[in-house]
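To keep things clear, I will list the structure first and then write my remarks on it.
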Amino acid sequence: MSTFQAQVRANSVALISLSVALIALSYNTWRNETTESQRNVRQAAFKVLERLGELQEVVDYRHYYFAFESDHALEGKSRLRGYGSVAMIRDLMNLMPAPAPVASDNLFRLWNAHVNRLSELDEDGQHTDAAKQAEKELTAAIQQARIAVVGVLNTLD
């Protein structure tokens, strides 16, 4: 046993150097993984914010400016653009930490429930109460998704 202790004493500088090197390597690896993960979340967040803006444009356009009876091709394009945006938003936000996934699921659910109501008009050519409610709920859900994404960004180092 005394020879083992003698060897430890004789090589103590080397053992301490090895320990420091292993700790530094472990920390560096952890930090690189954390940085990469946060970089991915940032990129996804910025893409989501862009898509949320596009979705808000679709909601506003379908609700305020579009006469569906006149151009079915344009209606189809706006519908597909909205579905594409909301699907991309949901996919990217589900990769982020809470509260992003909940906000994206709510937005997706509301889009599916209200997309057809956005352009409803009564016999006087005015928006129905259902259309007004759909626009309000979708705009609120888009805003909540923005708040969730910005909240996630604020938690990153």
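Each value in this text was obtained by applying a stated rule to the coordinates, not by laboratory testing. Worth saying up front: this structure is predicted, and the values here are computed from it rather than measured. Methodologically, a virtual Cβ is constructed for each residue, glycine included, from the backbone with ideal geometry; neighbour enumeration extends over all protein chains shown.
Points to keep in mind about this one:
- Region 137-157 residues that are outside any helix (DSSP H, G or I), paired with ones that are among the aliphatic types (A, V, I, L, M) and surrounded by 16 or more Cβ atoms within 10 Å (Cβ to Cβ) (beta carbon under 9 Å, 6 or more apart): Leu156/Val41; Leu156/Ala45
- Failed item, numbered, when Phe108 is tested on (1) in contact (Cβ under 8 Å) with a residue 24 or more places away in the chain; (2) surrounded by 14 or more Cβ atoms within 10 Å (Cβ to Cβ); (3) not charged (D, E, K, R): (1)
- Residue check for Ala98: surrounded by 12 or more Cβ atoms within 10 Å (Cβ to Cβ) and not hydroxyl-bearing (Ser, Thr, Tyr): no
- Among the residues of region 117-136, those that are aliphatic (A, V, I, L, M) and in contact (Cβ under 8 Å) with a residue 60 or more places away in the chain comprise Ala131, Ala134.
- Residue ID - farthest from Met96 (Cα to Cα), chosen from residues in region 28-47 that are among the basic types (Lys, Arg) and either in contact with a Phe, Trp or Tyr (Cβ under 6 Å, 6 or more places away or on another chain) or surrounded by 12 or more Cβ atoms within 10 Å (Cβ to Cβ) (or both): Lys47
- Some residue of region 13-22 being touching a residue at least 60 places away in the same chain (Cβ under 8 Å) and hydrophobic (A, V, I, L, M, F, W, C): no
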